[in-house]
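The values are calculated or read from the model by the stated rules, or taken from the named source; none is laboratory data. As the structure is a computational prediction, the values presented were derived from the model and not from experiment. Because the Cβ atoms are built from the backbone with ideal geometry, glycine has one as well, and the counts that use them run over all protein chains shown. Quick note on the areas: whole protein, heavy atoms, side chains included, nothing else; ligands and nucleic acids left out. Shrake-Rupley method; radii C 1.70, N 1.55, O 1.52, S 1.80 Å.
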Amino acid sequence: MFSWFKSNKTPEPQEKTVKPVEHFDNPQAVLAKFTAITGIHFNHKEAITASKLIHFCRNHNLSSFEELDFRLGNDRHILEALINLLTVNETYFFRESRQIYFLTERVVRNHDNVRILCAPGSTGEEPYSIAMALLDAGVFPNRIDIVSLDINSDVSTIAKEGRYNARSLHKTPLSVQQKYFVQEEDFFKISDEVKRLVTFYTINIFDDRIFDLGRFDTIFSRNMLIYFDEATVVKAVERLGRLARSKDSILFFGHADFVNTPATLHEHYEDGTKFYSVG
Ligand SMILES: C[S@@+](CC[C@H](N)C(=O)[O-])C[C@H]1O[C@@H](n2cnc3c(N)ncnc32)[C@H](O)[C@@H]1O
């Protein structure tokens, strides 16, 4: 009875997924390689960074830091993904806006065309703020050329799309918001008029391809040097200085970017705004 329920087949052996044995002992070599490439140091944040690295390895089927170290040297997709994970991209429109308005007044006064570099520009709020401030002050669009670079490829994609949430706009004057953004449900889309003034590149400041970008009248490098050690700050500032068009070109840094002014910079102070020149 009920024998038809029984199967004569011998059961298939269950396929077992063999997990590789993991060894996540010492992230020092990986962190040192990452720092050598990007300039970014992990002082006091090594424990939290190590736990991010373990997650990263598991997501990419890497079973040890040694394997990650090896792949970082010969797989640019792994390097790109790690850079996108470990960089801090915090920014918002009209951050430290005194420098932006100082530049705007200078451009209006000088009547010259202006080429501006944002290094780094992150998700685009800074270069777009500069573009909007200049347009709002009556500077003709054909006088404005803004280049924005960042080592993180994800932020460049977001910047090119130009779609932001309300938090990014919390310091944006309402008149500017109404003029240069279109609201789409909970998001704010930057207008094409502003978008076309900025070109975005994914480049590491320590990559010599930065010298193919040409020379600039104004260079903004805000809130990147804080992640570097003192020797790396000096190196980065020297490279940025080589992108200045002339001794009249000006450079702006973030308030916390360095304690000691690097020797390649001359410090200026006008109308309550600090800026720098080279040469
Ligand atoms: C905190 S954000 C600052 C963005 C903007 N300048 C501001 O002040 O709001 C720092 C940015 O520096 C970028 N960055 C870090 N190291 C870099 C490097 N070696 N070359 C280019 N960009 C880098 C990061 O990807 C990040 O988007």
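Check whether at least one residue in region 86-99 is closer than 18 Å to Val147 by Cα, in contact with a helix residue (DSSP H, G or I) (Cβ under 8 Å, 6 or more places away or on another chain), touching a residue at least 24 places away in the same chain (Cβ under 8 Å) and assigned to a helix (DSSP H, G or I), and report yes or no.
No: region 86-99 contains no residue that is closer than 18 Å to Val147 by Cα, in contact with a helix residue (DSSP H, G or I) (Cβ under 8 Å, 6 or more places away or on another chain), touching a residue at least 24 places away in the same chain (Cβ under 8 Å) and assigned to a helix (DSSP H, G or I).
Kindly provide the set of residues from region 74-83 that are in a helix (DSSP H, G or I), open to solvent by 30 Å² or more (accessible area, probe 1.4 Å) and either over 15 Å from Leu53 (Cβ atoms) or within 12 Å of the ligand (Cβ to nearest atom) (or both), ordered by number.
Within region 74-83, Asn74, Arg76, His77, Glu80 qualify.
Kindly indicate which of Val147, Val155, Val139 is assigned to a loop (DSSP other than H, G, I, E, B), in the same structural domain as Val107 (by TED's automatic domain parsing) and either within 11 Å of the ligand (Cβ to nearest atom) or of a type in the set (Val, Ile, Thr) (or both).
Unique residue meeting the criteria: Val139.
Which one of Asp208, Asp229, Asp217 is open to solvent by 60 Å² or more (accessible area, probe 1.4 Å) and of a type outside the set (Phe, Trp, Tyr)? Before the answer, list the steps.
Values: Asp229 fails: open to solvent by 60 Å² or more (accessible area, probe 1.4 Å); Asp217 fails: open to solvent by 60 Å² or more (accessible area, probe 1.4 Å).
That would be Asp208, the only listed residue that is open to solvent by 60 Å² or more (accessible area, probe 1.4 Å) and of a type outside the set (Phe, Trp, Tyr).
Any idea which of (1) more than 10 Å from the ligand (Cβ to nearest atom); (2) touching a helix residue (DSSP H, G or I) at 6+ places or on another chain (Cβ under 6 Å); (3) in contact (Cβ under 8 Å) with a residue 12 or more places away in the chain is the one Arg71 doesn't satisfy?
Arg71 satisfies every listed condition except (3).
Is it the case that Leu86 is crowded, with 16+ Cβ neighbours inside 10 Å, closer than 30 Å to Cys57 by Cα and within 16 Å of the ligand (Cβ to nearest atom)?
yes
Name the residues in region 158-178 that are charged (D, E, K, R) and either more than 13 Å from Tyr128 (Cα to Cα) or within 15 Å of the ligand (Cβ to nearest atom) (or both), would you?
Across region 158-178, the qualifying residues are Lys160, Arg167, Lys171.
Out of contact with any Leu (no Cβ under 7 Å at 6 or more places or on another chain) and open to solvent by less than 50 Å² (accessible area, probe 1.4 Å): does that describe Glu161?
Numbers: out of contact with any Leu (no Cβ under 7 Å at 6 or more places or on another chain): yes; open to solvent by less than 50 Å² (accessible area, probe 1.4 Å): no.
The answer is no for Glu161.
Working only within region 179-205, note down all residues that are open to solvent by less than 90 Å² (accessible area, probe 1.4 Å) and more than 16 Å from the ligand (Cβ to nearest atom).
The answer is Tyr180, Phe181, Val182, Glu184, Phe187, Phe188, Lys189, Ser191, Glu193, Val194, Lys195, Leu197.
Looking only at region 249-279, filter to residues that are outside any strand (DSSP E or B) and either among the aliphatic types (A, V, I, L, M) or in contact with a strand residue (DSSP E or B) (Cβ under 6 Å, 6 or more places away or on another chain) (or both); which one of those is farthest from Val114 (Cα to Cα)?
Residues of region 249-279 outside any strand (DSSP E or B): 249, 254-265, 271-272, 278-279.
If we keep only those that are either among the aliphatic types (A, V, I, L, M) or in contact with a strand residue (DSSP E or B) (Cβ under 6 Å, 6 or more places away or on another chain) (or both) as well, we get 256, 259, 261, 263, 265, 278.
Values: Ala256: 26, Val259: 29, Thr261: 26, Ala263: 26, Leu265: 21, Val278: 17 Å.
Per the stated criteria, the residue is Val259.
Looking only at region 110-128, filter to residues that are in a helix (DSSP H, G or I), modelled with pLDDT of 95 or more and under 23 Å from Asp248 (Cβ atoms); which one of those is nearest to the ligand (Cβ to nearest atom)?
Glu126
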